[in-house]
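Remarks on the structure that follows.
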Amino acid sequence: MSSYPDVRLRRFRRTAPLRALVRETHLALDQFVMPLFVAPDGLRNEELPGMSRYTVDELLHEVEELVRAGVQSVILFGIPSEKDEQATGAWEDDGIVQQALRALRPRFPELVLMTDVCLCEYTSHGHCGVIVDGEVHNDQSVELLARTALSHVEAGADVVAPSDMMDGRVAGIREALDDRGCESTPILAYSAKYASAFYGPFRETADSTPSFGDRRGYQMDPANVREALRECELDLDEGADALMIKPALPYLDVIRAVREAFDVPIAAYNVSGEYAMVKAAARAGWLDERTAALESLTAIKRAGADLILSYWTKDLAQWL
Ligand code: PBG
């Protein structure tokens, strides 16, 4: 009784309810996070709606729609009116993300407000840290990142997510938060963030393409998985509450390895390039967007992610 013709796996595939009974992986909207870009000038993106920029007023309207549709969590990215060497727009009290948080917080008390903590959208050169002698200076960058995270929390953020890949940033942020009585705010660390080609559409939207060099001096080499586990371990030692792997779809093996190694919440970032590829292929008539998106997101969950950051979150609210 252990093989064909006694065993027929097709029996449980016959009808939709039979398949549902034995389904191993489920997508639930409450584990999805919608990325949103806030900027001094709004910019709709018709081809890639997830890449649109919103003014603070437009953002309120968009979030209203998301919340009404059942979305429970968003992550904010900011594009400042001016960029400089010190990424002032990232950490100043009146920065664009801080303004957005102050506007959103009282109106949506239940919504989880996450923020991306990085300097690349705010530096004149587009790197994720401060440049000293032609290189991104680790420890000076950590100082500004900690200041940024603290200002986000003081403006109303529930969760801060550092995405810069400097060494020691989680410890720096944890200390800065705890010193100011923000010991209850969790840190979701972009622990295994790879130097990836799949961030292209994001960088267009955030206007954060490095003006010289690339990010391989701080983001991870796509060839490495053992190193990802070290990054995760160090971030947990420094006080990270949850880990993130990014991108998601080309790195399912990394998600799986991290899932097996650590019993902490794991996030995966279904990045702009993953979203854009499916959108472009669907536009060309080569595949169906909804089916391909649901399959991609299911694969990311199956690999071991608990929560997923995805530009399809708004659509998912309709699809699920
Ligand atoms: C900031 C940051 C980036 C993304 C998230 N946070 C860009 C980058 O590292 O160049 C990319 C997200 C996406 O592509 O959707 N450092």
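The values are calculated or read from the model by the stated rules, or taken from the named source; none is laboratory data. These numbers come from a predicted model, not from an experiment. Note that we place each Cβ from the backbone using ideal geometry, even for glycine, and neighbour counts take in every protein chain shown.
The numbered conditions (1) of a type in the set (F, W, Y); (2) part of a loop (DSSP other than H, G, I, E, B); (3) within 11 Å of the ligand (Cβ to nearest atom) are all true for F198 except (2). Among the residues of the range 121-156, those that are closer than 21 Å to D93 by Cα and more than 15 Å from the ligand (Cβ to nearest atom) comprise S124, Q140, E143, A146, R147, L150, S151, V153, E154, A155, G156.
State whether the residues of the range 170-185 include one that is at pLDDT 95 or above, assigned to a strand (DSSP E or B) and buried (at least 23 other Cβ atoms within 10 Å of the Cβ).
As a first pass, look at the range 170-185 and keep what is at pLDDT 95 or above: 170-185.
Subsequent filtering for residues that are assigned to a strand (DSSP E or B) retains none.
Among the residues of the range 170-185, not one is at pLDDT 95 or above, assigned to a strand (DSSP E or B) and buried (at least 23 other Cβ atoms within 10 Å of the Cβ), which makes the answer no.
For the range 20-32, the criterion of being away from the ligand (no atom under 15 Å from the Cβ), surrounded by fewer than 13 Cβ atoms within 10 Å (Cβ to Cβ) and within 22 Å of S151 (Cα to Cα) is met by no residue.
Take the range 264-305 and flag every residue that is away from the ligand (no atom under 16 Å from the Cβ), hydrophobic (A, V, I, L, M, F, W, C) and more than 17 Å from Y251 (Cβ to Cβ). Full working, then the answer.
Here is the first cut: in the range 264-305, the residues away from the ligand (no atom under 16 Å from the Cβ) are 264-266, 281-292, 294-295, 298-299, 301-304.
Still in the running and hydrophobic (A, V, I, L, M, F, W, C): 264, 266, 281-282, 284, 286-287, 292, 294, 299, 303.
V264, A281, A282, A284, W286, L287, A292, L294 - these are the residues of the range 264-305 that are away from the ligand (no atom under 16 Å from the Cβ), hydrophobic (A, V, I, L, M, F, W, C) and more than 17 Å from Y251 (Cβ to Cβ).
Could you tell me how many of the residues in the range 221-255 are touching a strand residue (DSSP E or B) at 6+ places or on another chain (Cβ under 6 Å) and closer than 30 Å to S184 by Cβ? So the answer is 14.
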